[in-house]
Amino acid sequence: KVATAAFFRAKGFRTPQMLTDPEISSLGPSDFPLFAKPAEGSSSIGAGVIKSVEELRVRRAADPSLVVMELIRGEEYTIDVYVNFQGVPQCAVPRLRLETRAGEISKGITVRNEALIALSLDVARKLPGAIGCLTLQAFKVADGGYVFIEINARFGGGYPLTWHAGANFPRWMIEEAAGRVPDFAAGRAFKANLGMLRYDDEIIVDGALLK
């Protein structure tokens, strides 16, 4: 997470300010709220808003490696980016995160936002060694700009929405591995305003099957 933030800053992309230990030690009541997350966490476990010096003291005592940063508010997006086997970004599909659960999208919608698409492709272009699927996360803030917070070199939990919108990353990977050139244009013309809702259901079976 620290390296990701350093990459964003070095390449000119906006990203939340991470506080150093001296900065954390000098915090006062007016500096809150802040945001904190484990240095090696996943699925948003242990991540959340910190509202006071005392709360931060307790959290850091439990996890000294806790990453503390400025709190960013705004519309939250996940962007699925495909980089071909030659390292050239080909497609970016932004998904507005309307609702999340355990760090994974439960309600979202595809958005044709050309500014965010261009920025996301630029992030992938400047990331050394990028190939295949990248999952970026960013906030649209009050001034209309975008603040990037994450790069994950994997399929995100909400990728099925991108697939249904027309960007078939798995097919492209198989085609490239077979020496063929995929039809990236289909992904660039992804369907906007396509929504996804997730829900829990139960499956009833003979209890003997579970033993």
Item to check | Label-zone membership for segment 59-85, site Val49, 7 angstrom Cα→C-beta point, backbone N under 19 Å | outcome: 59-60, 67-77
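At a 1.4 Å probe radius, which order do Leu71, Leu210 fall into by accessible area, largest first?
If we order Leu71, Leu210 from most to least accessible, we get Leu210, Leu71.
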Item to check | Over segment 1-125, volume per residue of the alpha carbon convex hull, in Å³ | outcome: 132 Å³
Checklist entry - What length, rounded to one decimal in nm, is gained on full extension from Glu104 through to Lys1, with 0.36 nm per residue of separation minus their alpha-carbon distance? => result 35.3 nm
Item to check | Sum of -39500 (n - 2.57) over DSSP H runs of 4+, divided by residues of the chain (222 nm, nearest 500) | outcome: -7500 deg cm²/dmol
Checklist entry - Which Rg and Dmax, in Å, describe the Cα atoms of the chain? => result 19.5, 60
Next on the checklist: Considering only C-alpha atoms, what is the centroid distance from segment 146-180 to segment 59-80, in Å?
Outcome noted: 24 Å
Checklist entry - How much solvent-accessible surface does Asp183 expose, in Å² to the nearest 10, with a 1.4 Å probe and all protein chains in place? => result 90 Å²
Next on the checklist: If packing is taken as the average count of other Cβ atoms within 10 Å, what order do 110-123, 54-67 fall into, highest mean first?
Outcome noted: 110-123, 54-67
Item to check | Entries of Lys37/Lys107; Lys1/Lys37; Lys11/Lys107 with Cα pairs more than 21 Å apart | outcome: Lys37/Lys107; Lys11/Lys107
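The values are calculated or read from the model by the stated rules, or taken from the named source; none is laboratory data. Note that the structure is a prediction, hence the values are computed from the model and not measured. Because the Cβ atoms are built from the backbone with ideal geometry, glycine has one as well, and the counts that use them run over all protein chains shown. Note: accessible area is taken over every heavy atom of the protein model, side chains too, but ligands, DNA and RNA are not part of it. Shrake-Rupley method; radii C 1.70, N 1.55, O 1.52, S 1.80 Å.
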